[in-house]
Amino acid sequence: MLSRPPADRPVAAPERPPEPTPNQGDLRGSGTAAPEANAAAHGPPGDGPAVTAPQTAELLDLHPAPADLERLVLDGMARQPRQLPAWLLYDAEGSRLFEAIGQQPEYGLTRHETALLRERAPELARSLAEGITPAPVLVEFGAGNLSKVGPLLEALQPAAYVALDISLDQLGPCCHALQERHPTVPVLGICCDYADLDQMPPHFLLEGRPLLGFYPGSSLGNFDPPQARALLSRFARLLGPGSRLLIGIDQPKAQERLEAAYNDAAGVSAAFAFNLLRRLNRELAGDFDPAAFTYRAHWEAPGSRIAMALVSRHAQIVSVAGRRWTFAAGEPLITEYSVKYTPEAFQVLAAEAGWRTIRRWCDGADDLSLHLLAQANSEASRPGSETPNTIQHHADPTPLRNTP
Ligand code: AVJ
C-alpha cells in the first residue's frame with residue numbers, strides 16, 4: 001500500500017455550495033475556499049434554484065509523492081519478470097499518447113465504447129438511477145480526459161460528478177472544460193492512485209447522497225484477476241451499500257485482431273510504452289537507452305491477456321531509482337497487461353467482489369460490454385422491473401455468444 005501524502009493539497013477548491021439535503025453536518029471539502037468561489041446554489045435536478053454564476057471545478061491532488069514512486073519502481077524492478085504499475089504510463093505525454101491510441105484504426109475499444117455510451121445514454125442512465133433517491137453523485141474511476149461521461153451526465157443529471165484519475169495534468173483542464181459544458185452539475189476532480197480509495201479524505205460530495213460508479217474503458221484489464229477483484233471490492237466500499245457500478249470490459253476476440261490493436265502500424269502503442277522509460281529517466285534519475293529495447297505485445301491465452309513489454313535487445317546494465325539492474329538479452333520489462341473477460345468470466349469476478357450483474361449492453365460486434373452491477377447484498381440492488389442478468393444487445397438481439 002502507498003503511504004498517503006497529506007490529504008490537504010487542494011489545487012483549486014471553490015467553497016462548498018449550499019446543500020439542500022439534511023445529514024450533511026458540517027462536513028467540508030478538504031480544500032480551502034478559493035477567491036473565485038462559486039456563488040451558485042445547487043439542488044437536485046428539477047428543484048434547485050437556477051444557476052446564476054459560472055462554476056469552477058474543484059480539484060484535489062492526492063497523487064503519490066516521489067518517494068512512493070521510487071519504492072514502486074524498486075518493487076517492480078525486483079519482480080520476476082520485471083513489471084511496473086500500468087498507471088506509471090500516464091504522465092502528461094503518456095496521456096496524450098493514449099488518446100492517440102484511441103484514434104488508431106486497429107484499436108476499436110475507445111471508439112466503440114464511446115459510441116455505445118452515446119447511443120444508449122438515456123437507457124443506461126435510467127437503469128443506473130432506477131429507484132435511487134435523492135439524486136445521486138456520479139463517480140468516475142480513471143476518468144482520463146473525461147471524454148466518455150458527457151452523454152451520461154446529460155441523461156442522468158446527477159447532483160454532482162466526481163472524476164478520479166492518476167494524471168492531474170489532464171484532469172485539471174478537463175474538469176474545468178467539463179464544468180463549463182455542464183454548469184448545473186458541480187464537478188470535482190481528484191488526482192489519486194486506487195490505493196488511496198480506502199482512505200479518501202472526507203468530502204461533502206461523497207457524503208449523504210447515493211453514489212453511482214462509472215468505470216469505462218476496460219481499464220480493469222490492467223490488473224490481474226486477484227487485483228481486479230480487490231479493486232472492485234474497494235469500489236464497493238467507497239460507493240457504499242446500495243450503490244451501482246457501470247463498467248466497460250473488453251472481451252477476448254481473434255488473436256490477430258487483439259495483437260494488431262496493441263501493435264498499431266503507426267507505432268503509437270510502442271511510443272506509449274517507450275514513454276515510460278523517458279519518465280523513469282526524468283523522474284527517477286534513470287539511464288535507460290530506449291534504443292536498447294524493442295516493444296512487444298502478444299496474446300497470452302492462458303491468462304486471457306495481452307502482455308505488453310519492452311524487451312532488452314542485448315545484455316545490459318541500467319540505473320534507475322538509485323540502483324543498477326542487469327537485463328539479459330531478451331529479458332522483458334512488462335509495461336502492462338490487458339486482461340480480456342468474457343461476459344461470463346467477468347460476472348464471476350464481479351460476484352466474488354460482491355457485485356451482482358443486472359444488465360449487460362454490448363456493441364454490434366459483441367467485442368466489448370458495458371456491465372451494470374449492483375451490490376449483491378443490498379435492497380436497493382433489486383429494482384423491481386429489472387430481470388437479473390438481462391443481456392441488452394446494442395445492434396441485434398442475438399443470444400449471448402461464446403467468444404474465443
Ligand atoms: C486503458 C488499459 C484499457 O489495455 O486497452 C492500450 C491501455 N495500452 N494500448 C488497454 C492500452 C496500450 C488500455 N486500457
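Quick grid of which residues meet (1) hydrophobic (A, V, I, L, M, F, W, C); (2) at pLDDT below 95; (3) more than 20 Å from HIS371 (Cα to Cα):
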residue	(1), (2), (3)
SER95	no, yes, yes
ARG118	no, no, no
ALA155	yes, no, no
ILE166	yes, yes, yes
ASP193	no, yes, yes
ASP196	no, yes, yes
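Suppose we filter the stretch 339-356 for residues that are buried (at least 23 other Cβ atoms within 10 Å of the Cβ) and part of a strand (DSSP E or B); how many remain?
2
Among the residues in the stretch 118-131, are any outside any helix (DSSP H, G or I), out of contact with any Phe, Trp or Tyr (no Cβ under 6 Å at 6 or more places or on another chain) and closer than 23 Å to LEU310 by Cα?
Taking every residue of the stretch 118-131 in turn, none turns out to be outside any helix (DSSP H, G or I), out of contact with any Phe, Trp or Tyr (no Cβ under 6 Å at 6 or more places or on another chain) and closer than 23 Å to LEU310 by Cα.
Given the residues TRP355, TRP325, which is the only one that is in contact with a strand residue (DSSP E or B) (Cβ under 7 Å, 6 or more places away or on another chain), in contact (Cβ under 8 Å) with a residue 60 or more places away in the chain, of a type in the set (Phe, Trp, Tyr) and more than 30 Å from LEU372 (Cβ to Cβ)?
TRP325
Can you pull out the residues in the stretch 230-265 that are within 16 Å of the ligand (Cβ to nearest atom), in a loop (DSSP other than H, G, I, E, B) and of a type outside the set (Gly, Ala, Ser)?
Of everything in the stretch 230-265, those that are within 16 Å of the ligand (Cβ to nearest atom), in a loop (DSSP other than H, G, I, E, B) and of a type outside the set (Gly, Ala, Ser) turn out to be GLN251, PRO252, LYS253, TYR262, ASN263, ASP264.
Can you confirm whether the stretch 33-42 contains a residue that is touching a strand residue (DSSP E or B) at 6+ places or on another chain (Cβ under 8 Å) and modelled with pLDDT of 95 or more? Talk me through it step by step, then tell me what you get.
Step one: filter the stretch 33-42 for residues touching a strand residue (DSSP E or B) at 6+ places or on another chain (Cβ under 8 Å), giving 34, 42.
Within this subset, residues satisfying the condition of being modelled with pLDDT of 95 or more are none.
No, the stretch 33-42 contains no residue that is touching a strand residue (DSSP E or B) at 6+ places or on another chain (Cβ under 8 Å) and modelled with pLDDT of 95 or more.
Return only the number of the condition from (1) crowded, with 21+ Cβ neighbours inside 10 Å; (2) more than 20 Å from ARG257 (Cα to Cα) that GLU93 does not satisfy.
(1)
Determine if the stretch 184-203 includes at least one residue that is assigned to a helix (DSSP H, G or I) and more than 19 Å from the chain's Cα centre (by Cα). Spell out the reasoning first.
Here is the first cut: in the stretch 184-203, the residues assigned to a helix (DSSP H, G or I) are 194-199.
With more than 19 Å from the chain's Cα centre (by Cα) added as a condition, the list becomes none.
Scanning the stretch 184-203 turns up no residue that is assigned to a helix (DSSP H, G or I) and more than 19 Å from the chain's Cα centre (by Cα).
Here are the criteria: (1) modelled with pLDDT under 95; (2) in contact with a helix residue (DSSP H, G or I) (Cβ under 9 Å, 6 or more places away or on another chain); (3) closer than 17 Å to GLY144 by Cα. Tell me which single one LEU206 does not satisfy.
Evaluating LEU206 over (1) modelled with pLDDT under 95; (2) in contact with a helix residue (DSSP H, G or I) (Cβ under 9 Å, 6 or more places away or on another chain); (3) closer than 17 Å to GLY144 by Cα leaves (3) as the failure.
Quick check: is even one residue across the stretch 193-215 surrounded by 23 or more Cβ atoms within 10 Å (Cβ to Cβ), within 16 Å of the ligand (Cβ to nearest atom) and of a type outside the set (S, T, N, Q)?
Yes; the residues of the stretch 193-215 include at least one that is surrounded by 23 or more Cβ atoms within 10 Å (Cβ to Cβ), within 16 Å of the ligand (Cβ to nearest atom) and of a type outside the set (S, T, N, Q).
Please go through the stretch 151-183 and pick out each residue that is among the acidic types (Asp, Glu) and more than 17 Å from the chain's Cα centre (by Cα). Give the steps one after another, and end with the answer.
Step one: list which residues in the stretch 151-183 are among the acidic types (Asp, Glu), which gives 154, 165, 169, 180.
Passing the criteria: GLU154, GLU180.
Anything in the stretch 272-297 that is among the small types (Gly, Ala, Ser) and either more than 24 Å from the chain's Cα centre (by Cα) or surrounded by fewer than 18 Cβ atoms within 10 Å (Cβ to Cβ) (or both)? List them, or say none. Break it down into steps so the answer makes sense when it comes.
To start, the set of residues in the stretch 272-297 that are among the small types (Gly, Ala, Ser) comprises 273, 285-286, 291-292, 297.
Matches in the stretch 272-297: ALA285, GLY286, ALA291, ALA292.
Kindly indicate whether GLN227 is of a type in the set (S, T, N, Q), surrounded by fewer than 18 Cβ atoms within 10 Å (Cβ to Cβ) and part of a helix (DSSP H, G or I). Full working, then the answer.
Working: of a type in the set (S, T, N, Q): yes; surrounded by fewer than 18 Cβ atoms within 10 Å (Cβ to Cβ): yes; part of a helix (DSSP H, G or I): yes.
Considered against the rule, which asks whether it is of a type in the set (S, T, N, Q), surrounded by fewer than 18 Cβ atoms within 10 Å (Cβ to Cβ) and part of a helix (DSSP H, G or I), GLN227 comes out as yes.
Tell me yes or no: at least one residue of the stretch 275-291 is within 13 Å of the ligand (Cβ to nearest atom) and either more than 30 Å from ARG71 (Cα to Cα) or charged (D, E, K, R) (or both). Quick ask: steps written out before the conclusion?
Just the residues of the stretch 275-291 that are within 13 Å of the ligand (Cβ to nearest atom), to begin with: 275-276.
Add one more test, that the residue is either more than 30 Å from ARG71 (Cα to Cα) or charged (D, E, K, R) (or both), and what stays is none.
The answer is no; no qualifying residue exists.
For THR387, which of the numbered conditions (1) at pLDDT 95 or above; (2) surrounded by fewer than 16 Cβ atoms within 10 Å (Cβ to Cβ) fails to hold?
Tallying (1) at pLDDT 95 or above; (2) surrounded by fewer than 16 Cβ atoms within 10 Å (Cβ to Cβ), THR387 fails exactly one: (1).
Looking only at residues that are out of contact with any Asp or Glu (no Cβ under 6 Å at 6 or more places or on another chain), touching a residue at least 24 places away in the same chain (Cβ under 8 Å) and closer than 30 Å to ALA254 by Cβ in the stretch 302-322, which one is surrounded by the fewest Cβ atoms within 10 Å (Cβ to Cβ)? Working first, answer last.
Here is the first cut: in the stretch 302-322, the residues out of contact with any Asp or Glu (no Cβ under 6 Å at 6 or more places or on another chain) are 302-306, 309-311, 313-318, 320, 322.
After this cut, where a residue has to be touching a residue at least 24 places away in the same chain (Cβ under 8 Å) as well, the list is 303-306, 309-310, 316, 318, 320, 322.
Among the residues that remain, those that are also closer than 30 Å to ALA254 by Cβ are: 303-306, 309-310.
Working: GLY303: 13, SER304: 17, ARG305: 22, ILE306: 23, ALA309: 22, LEU310: 25.
By that ranking, first place goes to GLY303.
Restricting to the stretch 102-133, count the residues that are under 16 Å from the mean Cα position of the chain (by Cα) and within 10 Å of the ligand (Cβ to nearest atom).
4
Looking at the structure I just gave you, is GLU352 touching a helix residue (DSSP H, G or I) at 6+ places or on another chain (Cβ under 7 Å), within 17 Å of LEU246 (Cα to Cα) and at pLDDT 95 or above? Break it down stepwise before answering.
Details: touching a helix residue (DSSP H, G or I) at 6+ places or on another chain (Cβ under 7 Å): yes; within 17 Å of LEU246 (Cα to Cα): yes; at pLDDT 95 or above: yes.
Yes.
The values are calculated or read from the model by the stated rules, or taken from the named source; none is laboratory data. Quantities reported herein were computed from a predicted structural model and do not represent experimental measurements. Heads up, the Cβs are rebuilt from the backbone with ideal geometry, glycines too, and the neighbour counts pull from every protein chain shown.
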